[in-house]
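Everything below concerns the one structure shown next.
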Amino acid sequence: MRAPWLLPLAVALFCGCVERELKDIVVETGGASAVEARRAAVSGLCELFVSSSALAANRAEIDEKIIAHAADFIAREKMILVKGSPADTRLSVMVSLDKLGRALDDLGLVKPEGVAGRPQLLVRVIESGPGSGNHAASEAMRRALAQQGYFVVDLSSETKAAANAKARALKSGALIQGDVESRAAPDPRLVGFQPAAAKISVRTVAAPGPEALEEVEADASSIDATLAAAGAKAMSAAGEIAAAKLRQVLGSRYRERVEMSALFVGLGGLEAAKKLIADLRAQPFVAGAALDSIVGDDARARKGDDVKIRIFVENPSVDELASELMKLPKYAFNIRDVEADYRYVEMDASGGHWHAL
């Protein structure tokens, strides 16, 4: 009679990755047979991608389409003897997290309800007056709107017809089109400086249809050593003010849960990733969280591996997400990088994973 497999004994990371690619995970597990051991290994890793409530609600589908095909997610395996006795063995299997995560994603179980594609905004603002020619206003609008989770393309160097054609090709989004003008604003009190003022007027139209969403105007002023520099600054400031006004109407129309990425440098291995994902799911600002990758790099001196997590949130900016991550209870994270255009934050977790409670 075959001896039963031992209960799960250990989990270890499979080393050898140099580039930032998803690491396979070596799991030592057991069961009444090798088949059950493989199923137990794969089943135990599903929580990295799917919340416990979603796992329970979709258990039948997961069992049928994932667990029943556990061997498909195993890159290789080997038998390990315990205490040198053939009767005491366990199975060490290398599970492909990348393949498992994609399979669960294909079943629609990773993303929480309400996560849609990223709304795309096209911005075309024609400049005139001192300091014009560098798209200062449209670039300021692009940055401000990108921080709110929109994918923004500046079309200010293209014709109106070309911008309209690209808007008609969008599946979801809006075209923001208008003009900004700067002018000298003399002030006898500002000796040695050149003051300038700017006025921007833009109209937002939902894409691909002709529905007008909002018309926005904004004024701003600035000073600098030259009139051109002051004019450019004033147009940039006007663009930021206009973007702040546009965010209100765009937020009400395109409000949705969006996906962002957070890389936690030096967090640790699999167990640290499991704990952090569970803690993130418990936060009110998080609609869902799932593992993206676990990456090791022996060339850098730090306490643990890098863990990248997909975080689904309700329309905050990337800056707001980074701020919330810094305030997570029990953790000591510091911001390393924020990329609004890519909805990406990088946090330093190497200074200690958890504060003492």
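The values are calculated or read from the model by the stated rules, or taken from the named source; none is laboratory data. Here the structure is a predicted model, which means the values were calculated and not measured. So basically every Cβ, Gly included, is an ideal-geometry build from the backbone, and we count neighbours across all protein chains shown. What goes into the accessible areas is simple: the full protein's heavy atoms, side chains included, and nothing from ligands, DNA or RNA. Shrake-Rupley method; radii C 1.70, N 1.55, O 1.52, S 1.80 Å.
Conditions (1) among the acidic types (Asp, Glu); (2) surrounded by fewer than 20 Cβ atoms within 10 Å (Cβ to Cβ); (3) closer than 18 Å to Val125 by Cα, marked per residue:
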{"position": "Ala206", "(1), (2), (3)": "no, yes, yes"}
{"position": "Gly209", "(1), (2), (3)": "no, yes, no"}
{"position": "Glu214", "(1), (2), (3)": "yes, yes, yes"}
{"position": "Asp219", "(1), (2), (3)": "yes, yes, yes"}
{"position": "Ser222", "(1), (2), (3)": "no, no, no"}
{"position": "Ala229", "(1), (2), (3)": "no, yes, no"}
{"position": "Ser236", "(1), (2), (3)": "no, no, yes"}
{"position": "Arg247", "(1), (2), (3)": "no, yes, yes"}
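So how many residues does segment 316-357 have that are open to solvent by 30 Å² or more (accessible area, probe 1.4 Å), assigned to a loop (DSSP other than H, G, I, E, B) and at pLDDT below 90? Number satisfying all stated conditions: 9. Screening Leu190 with (1) part of a strand (DSSP E or B); (2) at pLDDT below 95 gives one miss only, at (1).
For every residue, the table says whether it meets (1) closer than 19 Å to Val110 by Cα; (2) surrounded by 13 or more Cβ atoms within 10 Å (Cβ to Cβ); (3) modelled with pLDDT of 95 or more.
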position: Gly44; (1), (2), (3): yes, yes, no
position: Ser51; (1), (2), (3): yes, yes, no
position: Ala57; (1), (2), (3): yes, yes, no
position: Ala71; (1), (2), (3): no, yes, no
position: Arg76; (1), (2), (3): no, no, no
position: Leu81; (1), (2), (3): no, no, no
position: Gly84; (1), (2), (3): no, no, no
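Scanning segment 240-280 for residues that are touching a helix residue (DSSP H, G or I) at 6+ places or on another chain (Cβ under 9 Å) and of a type in the set (Ser, Thr, Tyr) yields one hit, Ser261. Any idea how many residues of segment 249-262 are open to solvent by 10 Å² or more (accessible area, probe 1.4 Å) and either under 26 Å from Asp337 (Cβ atoms) or under 22 Å from the mean Cα position of the chain (by Cα) (or both)? The qualifying residues number 9.
The residue of segment 172-204 that is farthest from Arg253 (Cα to Cα), among those that are touching a Gly at 6+ places or on another chain (Cβ under 6 Å) and open to solvent by 40 Å² or more (accessible area, probe 1.4 Å), is Arg183. Taking the criterion of being under 30 Å from Gly178 (Cα atoms) and at pLDDT 90 or above, would at least one residue in segment 100-122 satisfy it? Checking segment 100-122: at least one residue is under 30 Å from Gly178 (Cα atoms) and at pLDDT 90 or above.
Select from segment 160-196 the residues that are aliphatic (A, V, I, L, M), within 13 Å of Ile223 (Cβ to Cβ) and touching a residue at least 24 places away in the same chain (Cβ under 8 Å) and list them in ascending order. Listed by number, the residues that qualify are Ala184, Ala185, Leu190, Ala196.
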